[in-house]
Structures are given as structure tokens and as C-alpha cells.
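So the structure is just underneath, and the comments pick up after that.
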Amino acid sequence: MQVTFGGEDWRTTPELAAPMFAVLPVMRQLHELLWYLVEAAALTDGPLRDDVVRLQAATEQLTRADPGELAAVDVGGHSKHVGAVLDRVSSHVRGQVRDRPADRRRADLIGSRLTDADLQGASLRGALLIGADLQGADLRRADLLGADLRGADLRRADLTGALFVTQPQLISARGDAATRIPSSLRRPGHWGE
């Protein structure tokens, strides 16, 4: 909002409240896409990386639009386009894992017992893992984009190199000092040391 509204505040300039509230969800989604695209660019090379970098630049350009333009952005359409490229990146990275598990994209795994499961290279994109027992699970190179980890037990799990994991996902889960996480993320305070 500092850039889009020149540092103005809706509390001191009440007429900005409606436009600010209208563009906030758009800006939030664009920045989430940028988070994923930055990670994707670091995971690829060649023409696929070029596609990622082009989308990253286009997304950054959208974040610099004025409030009226931002409110009119088709975030859903842009998100689908980004999602398709992220899916290609995921397939490329996970394709390097031999004998990877079956695709569990958007699977309902609520409360599942996956203790010590070998999920290395699995696609768990959009999977419902609410309250799942993933203690000691191997989630290296697993695609966790949009996976719901609320209350999931990640104690002793290895998420090293897991794809598209976000800080809010970790915060919503349970873990411990033995849980291995991607280097770009912080260990949640409630996990202990």
C-alpha cells in the first residue's frame, strides 16, 4: 500500500478506505504468486526458467499498477497461468526422484496416519492434510503448494527441499526441533528448539 497509495493511510484519508480494501486481496494474491515464482526460478534453468522469469516480471509489473487497474486485474486468470508453469517446475523437480509415490493432488488425507511415510517427490498440491500424522515422514521434494497442514503433526519430518511451502503452512502445523524445514523458512516459535 506504500507504493500503490503513496504512503497514504485510510484512517487519515477515509476516502481511500474503499479503494484500499478493494485492492488488498489482489495485492496479497500477487505477492503470494511472486513468492512461488522466486522459488521456481531458483529450481530451474533453460527455457522453463525463462518462462518463470517472464511471469515473475509480469506479476511484479501488476503490483505497480494504480488502484483502478489493480481492482480490474483478473487474478484468477493470472493465477491459473502461474499455476500451470509452477506445475511444470514441480514435475521437473519431482521427476528427478526415482520411485516417487502416486499423485495425491487435492487428496482428502484429513487425519491420515502417514507416520514415517516415504513421500519424497510426491504431489500433495492442494491436499487436505488437516490433523494428519506425518511424524518422521520424508517430504523432500514433495509439492506442497496449497496443501492444508492445519494441525498436521510434522515432528521429525523432513521437508528439506519441499516445493512451495509457506511460512503460514508451517505455523499452522505442529513440529519439533527434529523437523527439517526449507532454508528459506523460519522454525515456528511454538515448535520449540
Residues within the range 145-181 that are surrounded by fewer than 17 Cβ atoms within 10 Å (Cβ to Cβ) and over 23 Å from Trp35 (Cα atoms), tallied: 4
Failed condition for Trp191, given (1) within 26 Å of Leu37 (Cβ to Cβ); (2) modelled with pLDDT under 95; (3) in contact with a Gly (Cβ under 8 Å, 6 or more places away or on another chain): (1)
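Considering the range 122-144 alone, what residues qualify as being crowded, with 24+ Cβ neighbours inside 10 Å and within 22 Å of Val89 (Cβ to Cβ)?
Quick first cut of the range 122-144, residues crowded, with 24+ Cβ neighbours inside 10 Å only: 122-124, 127, 129, 132, 134, 137, 139, 142-144.
Residues satisfying the conditions are Ala122, Ser123, Leu124, Ala127, Leu129, Leu139, Ala142, Asp143, Leu144.
Yes or no, residue by residue, for (1) surrounded by 16 or more Cβ atoms within 10 Å (Cβ to Cβ); (2) in the same structural domain as Gly77 (by TED's automatic domain parsing); (3) of a type outside the set (Phe, Trp, Tyr); (4) touching a Leu at 6+ places or on another chain (Cβ under 6 Å):
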{"site": "Pro19", "(1), (2), (3), (4)": "yes, yes, yes, no"}
{"site": "Trp35", "(1), (2), (3), (4)": "no, yes, no, no"}
{"site": "Thr44", "(1), (2), (3), (4)": "yes, yes, yes, no"}
{"site": "Gln61", "(1), (2), (3), (4)": "no, yes, yes, no"}
Positions within the range 55-86 being among the charged types (D, E, K, R) and without any contact (Cβ under 8 Å) to a residue 24 or more places away in the chain, in sequence order: Glu69, Asp74, Lys80
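If you scan the range 160-181, which residues turn out to be assigned to a loop (DSSP other than H, G, I, E, B) and under 10 Å from the mean Cα position of the chain (by Cα)? Step through it out loud before you land on a result.
Our first condition is that a residue be assigned to a loop (DSSP other than H, G, I, E, B); within the range 160-181, this holds for 160-162, 164-166, 173, 175-179, 181.
Those that are assigned to a loop (DSSP other than H, G, I, E, B) and under 10 Å from the mean Cα position of the chain (by Cα): Phe164, Val165, Thr166.
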Failed item in (1) assigned by TED's automatic domain parsing to the domain that holds Leu48; (2) over 18 Å from the mean Cα position of the chain (by Cα); (3) aliphatic (A, V, I, L, M), with Ile110 passing the rest: (1)
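How do the helices (runs of 4 or more DSSP H) wholly within the range 1-105 filter down when requiring 3 or more residues that are within 22 Å of Pro168 (Cβ to Cβ) and among the aliphatic types (A, V, I, L, M): which remain? Reasoning before the result, please.
Details: elements: 17-43, 46-63, 67-72, 75-94.
Counting at least 3 such residues, we get 17-43, 75-94.
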Residue among Leu70, Leu86 that alone is modelled with pLDDT of 95 or more and buried (at least 17 other Cβ atoms within 10 Å of the Cβ): Leu86
Qualifying positions in the range 28-54 - free of Cβ contacts under 8 Å to residues at least 40 places away in the same chain and either farther than 30 Å from Leu16 by Cα or over 16 Å from the mean Cα position of the chain (by Cα) (or both): Val38, Ala41, Ala42, Asp45, Gly46, Pro47, Arg49, Asp50, Asp51, Val52, Val53, Arg54
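The values are calculated or read from the model by the stated rules, or taken from the named source; none is laboratory data. Here the structure is a predicted model, which is why all the values come from computation and not from measurement. FYI the Cβ positions are ideal-geometry reconstructions off the backbone, even for glycines, and counts take in every protein chain you see.
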